[in-house]
Number of protein chains: 2
Amino acid sequence: MRNHFITLDHGSGGEASHELVHDIFMSRLSNRFLNRMDDSAVLNLSGGNVAMTTDSYVVDPIFFPGGDIGSLAVHGTVNDLSMQGAVPLYLTLGLILEEGFPLEDLAKIVDSVGQACRESGVMVVAGDTKVVPKGHADKIFINTAGIGSIPDGIDVSSCNGKPGDLILINGHIGEHGLAILTRRQGLELRSALLSDSAPLNSLVGRILDVCPQTHILRDPTRGGVATALNEIADQSGVGIHLFEDALPISRSVLAVSEILGIDPLYVANEGKCLVFVAKEDVKSVLRSMKKHPLGKKSAIVGEVTDQNIGKVLLKTKVGGTRILPVLTGEQLPRIC
Amino acid sequence: MRNHFITLDHGSGGEASHELVHDIFMSRLSNRFLNRMDDSAVLNLSGGNVAMTTDSYVVDPIFFPGGDIGSLAVHGTVNDLSMQGAVPLYLTLGLILEEGFPLEDLAKIVDSVGQACRESGVMVVAGDTKVVPKGHADKIFINTAGIGSIPDGIDVSSCNGKPGDLILINGHIGEHGLAILTRRQGLELRSALLSDSAPLNSLVGRILDVCPQTHILRDPTRGGVATALNEIADQSGVGIHLFEDALPISRSVLAVSEILGIDPLYVANEGKCLVFVAKEDVKSVLRSMKKHPLGKKSAIVGEVTDQNIGKVLLKTKVGGTRILPVLTGEQLPRIC
């Protein structure tokens, strides 16, 4: 049975490492770059602006409703590149495995990495696997770094918000974080709550086709919509108004967040994008977003002002206004 | 005292995360790319061949004679890029921290990352920090991914070995692995055994200046010289002879490896480079290597043959020949 689990040998760089690479990785992720098996991949890039990013994934549980740590690691990095207006191209994949981790689970996760790559049109071009003794890590941690090319003329940045901009989002908020939490706590729900984990590059491509002068693209992951908007208010030196009654929230998320006493505005999303555009562009952008499978529930949810600089104000359903601060404390550890 | 240790809040994406980024990271790694604080860095690359690589570091202990996990993470990725003939340019830095990890140790490690970057002429352009609850990871794991540009006309690859090639190495083998092991086991040694961890890009630059037609560059890390040569024999479809009496080994390494019963040929190096060149180029390459601070003990240690394809044969000091197989089993877990 030893052969059904990760052993320290698998991380030694020796024969067992080679077997693991061939049996688990190459069969699922094979491409002309990876197949060279050199220390680095050799890529041919046309010159110009290139986006580069990294994220580590420590999500618990590693399999959750709507995805797993493998698909999440691909989507997360594809999305970080997309938020820069880049076309994601190449990823690296670094795994840290705990001794005793089932090979069957590893194969499932690498399958999921491969499928997410194909769906997003990216390739894993370099990889690395380390194994630590039992108890030195929890099952599996994944790092994905990635690069993508930024088309000429595109300049999106969280620094680019302007008073008068309108803010859109492509659908229901809070689903990833609450799907993880309910699975982790073993809550039984009548309505299935699925993570929204998805690659946003295709949706972003449509938005930039319609509106290459888009000011900001931002995925509200850890810390949720409220934290992302606070960061933008700070980076752009503007104030932000958020319209509570316009926020797309599903009944399941509303119900679960009420039971758990968690504000969905602070819950991580993994397939959502905040879009800041000038007022005159908002109609065409909203129309193009709604036509995309990942944007059917798109809505205008806020606006940028020159008042209350650096702050986010929530215009509540009952007509009041309250400040939405940055997340303080940790609502949900190991959410991504 | 809570503030002297990493808490789960530091990984939440909220206020404590921001403080950590500003207090620990930005002050030590600041550069024009990182300072934008967007989801991805935006780099301007001239077109052409680009190398891309990733490695995770789980070394234990995290501080060791001759370096720490921070310098190692920079050197390792700088070296992987250099082994492709690339000029290393940009790194990403992904940290996984255990709750309770001392902030003072984190600051030391990030200092060390910054210093190693300056020495190697690279920049950290994007980063990510995750925190897992106490007991879910062991102190700190680091991932560095990197990209570098490959000058026109350079084509080094472990597939390029040709019968007749001579093999050089830039100095003493086995030092990194044995430095880690002796520190971990608390062995007292009369002679200090230091890790050889160092950035090889400057040495490689010299080699490629003298010999742009260099066939192979390879850093013998996990699995050591024996495993790296076996991989090359396999990838190039050649046989390799290694001359035991030509191998640079320090007295300390010889002594410690005898006491511990470990073959230094299978021990990880972090500042060594195997260089394969045609016979007519070897003199000038050896001369240029010896002039470099990291190459004073450079030597010709082997040759490529068209016999025993896929195998590495050790020509022993007493005139015998034995096969050096790929490493089987794990000599030293968490060596890098």
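The values are calculated or read from the model by the stated rules, or taken from the named source; none is laboratory data. Keep in mind the model is a prediction, meaning the values are calculated, not measured. Heads up, the Cβs are rebuilt from the backbone with ideal geometry, glycines too, and the neighbour counts pull from every protein chain shown. The protein model used for the area step is the full one, side chains on, heavy atoms only, and it has no ligands, DNA or RNA in it. Shrake-Rupley method; radii C 1.70, N 1.55, O 1.52, S 1.80 Å.
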Protein heavy-atom accessible area occluded, A/B pair - total, 1.4 Å probe, Å²: 6000 Å²
Residue mean of other protein chain beta carbons inside 10 Å, B:230-238: 1
Proximal lysines relative to B:Lys315, as straight alpha-carbon distance under 27 Å, when same-chain residues fewer than 8 apart are discounted: B:Lys162, B:Lys272, B:Lys279, B:Lys283, B:Lys290, B:Lys296, B:Lys297
Range of Cα positions in chain A per principal axis (Å), largest first: 65, 50, 32
Percent carbon-and-sulfur accessible area, the protein assembly as shown, ignoring ligands, DNA and RNA, probe 1.4 Å: 50 percent
Relative packing of peptides B:277-286, B:162-171 - highest average C-beta neighbours within 10 Å first: B:162-171, B:277-286
Helix-only CD estimate at 222 nm, as mean residue ellipticity for chain A, using -39500 (n - 2.57) per DSSP H run (n ≥ 4): -8500 deg cm²/dmol
Cα-based Kirkwood hydrodynamic radius, the protein assembly as shown, one decimal, Å: 25.7 Å
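Over the range B:31-149, what is the mean sequence separation of C-alpha contacts under 8 Å (at least six apart), divided by residue count, expressed as relative contact order in percent?
Once divided by the residue count of the range B:31-149, the mean separation gives 42 percent.
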Solvent-accessible area lost in complex, 10 Å² minimum, residues of the range B:55-81 relative to chain alone, 1.4 Å: B:Asp55, B:Ser56, B:Val58, B:Asp80
Per-residue mean of C-beta atoms belonging to partner chains within 10 Å, peptide B:4-17: 6
Ordering of A:67-73, A:201-207, B:141-147, B:130-136 by packing [mean C-beta count within 10 Å, highest first]: B:141-147, A:67-73, A:201-207, B:130-136
The range B:1-33-the range A:279-336 distance, computed between alpha-carbon centres (Å): 25 Å
Per-residue mean of C-beta atoms belonging to partner chains within 10 Å, peptide B:140-153: 5
Euclidean distance of C-alpha centroids, the range B:133-150 and the range A:109-155, integer Å: 13 Å
Span-like helix ranges in chain B, DSSP H, alpha carbon extent 15 angstrom or more, Kyte mean at least 0.0: B:69-82, B:224-236
At 1.306 mPa s and 10 °C, Stokes diffusion of the range A:31-149 via Kirkwood alpha-carbon radius, µm² per second: 108 µm²/s
